[in-house]
1. If you scan region 1-32, which residues turn out to be closer than 21 Å to residue 78 by Cβ and either part of a loop (DSSP other than H, G, I, E, B) or among the aliphatic types (A, V, I, L, M) (or both)?
2. Taking region 86-104, which residues are closer than 17 Å to residue 8 by Cβ, crowded, with 19+ Cβ neighbours inside 10 Å and not aliphatic (A, V, I, L, M)?
3. Condition first: among the polar types (S, T, N, Q) and in a helix (DSSP H, G or I). Can you find one or more residues in region 47-65 that meet it?
4. Taking region 4-21, which residues are exposed (fewer than 10 other Cβ atoms within 10 Å of the Cβ), among the charged types (D, E, K, R) and either in contact with a strand residue (DSSP E or B) (Cβ under 7 Å, 6 or more places away or on another chain) or without any contact (Cβ under 8 Å) to a residue 24 or more places away in the chain (or both)?
5. Residue 30 versus (1) touching a helix residue (DSSP H, G or I) at 6+ places or on another chain (Cβ under 8 Å); (2) of a type in the set (A, V, I, L, M); (3) under 21 Å from residue 129 (Cβ atoms): which is the lone unmet condition?
Amino acid sequence: MSKKKKKFKGKVTKDANTRWPTDKKLMKRLKKVSKKVKRTVHIRSGYRSYADQAVLYRRYLNGTGNLAAPPGRSNHNSGRAADCGIISSTGSYSSIGYNAKARKYMRKYRLCLPVPGEKWHVERGNTWRS
């Protein structure tokens, strides 16, 4: 008997301490991208409180952290952004913007990488800067 191969339905996961983005359309579109590339989309940062953003911004200003918007000016604060990547068949993670197929489907589903140099920061829209 031959085994029937299960169809990959798309999957979005997150780090244990990460909060899900609250933008339902963003989440649905990320799942569609996952289904098309047949790989899990993994979120490393979703919704952030004002206080969480303030910590990241302070680190950025001190030179000890990555680029971060001031608190209240990040779409993470409203749950409309996700820092995410693709999990490969070997289990390794790489930022979603490095995957050509993911970029193709992101465009199709009106997702974009609006922050220059951040191949992981995804939002709904058409503004591509990375």
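Coordinate-derived values only; no laboratory data. Worth saying up front: this structure is predicted, and the values here are computed from it rather than measured. Glycine gets a Cβ as well: all are built from the backbone with ideal geometry, and neighbour counts include every protein chain shown.
1. 12, 15, 17, 18, 20, 21, 22, 23, 26, 27, 30
2. The one that is closer than 17 Å to residue 8 by Cβ, crowded, with 19+ Cβ neighbours inside 10 Å and not aliphatic (A, V, I, L, M): 99.
3. yes
4. If the condition is that a residue be exposed (fewer than 10 other Cβ atoms within 10 Å of the Cβ), among the charged types (D, E, K, R) and either in contact with a strand residue (DSSP E or B) (Cβ under 7 Å, 6 or more places away or on another chain) or without any contact (Cβ under 8 Å) to a residue 24 or more places away in the chain (or both), then 4, 5, 6, 7 are the ones that fit.
5. (1)
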